[in-house]
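Read through the structure below, which is laid out as structure tokens, and then see the notes.
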């Protein structure tokens, strides 16, 4: 399945999921990250979602997610209450249709969300994991039936979602 088709399937899963868990990693420390976050927020409108990120400082602010829907454990302003809120939300995902998006996190801090996301997908039989990264997109064999690895820059991938539908009115974009 090509990247474009994966994007279409992902958009349908975003619309149908009871809960959406998003991990945002180091690929989002660049130009275009703000636009990517805006695009992602558009897909999350009306969804019960939570974002956890390995970013800090201005990079967290640039994403623009409400702090009530976000945990940034490496940010200096991060509090124990925010972690408790995240863990509480995560606990309420069991036996629910859960879409997990791991966006641009390599192996810098796998204990923050790479391994916990795999565990959440393994435990919750209604979960589906999408791991999107330029180089470190691989999925374990145990999760192969409910996970998709996408070899792409995660910011560019999110920016491309819905692009064709939005740009197709009266133009021949490829």
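Every number here is computed from the coordinates shown, using simple stated rules; none is lab data. In this text the structure is predicted, and so the values were computed from the model without any measurement. Neighbour counts are summed over all protein chains in view; Cβ atoms, including those assigned to glycine, are modelled from backbone coordinates with ideal geometry.
Couple of notes before you dig in:
- Each residue, residue 13 and residue 84, gets one label point 7 Å from its Cα in the Cβ direction; the gap between the two is 3.3 nm.
- Taking 0.692 mPa s as the viscosity and 37 °C as the temperature, the Stokes-Einstein diffusion coefficient of region 1-84 based on its alpha-carbon Kirkwood radius rounds to 239 µm²/s.
- In the list [x] 51, 36, 31; [y] 79, 35, 32; [z] 41, 32, 30, the label attached to Cα extents along the principal axes in Å as derived from the coordinates here is [x].
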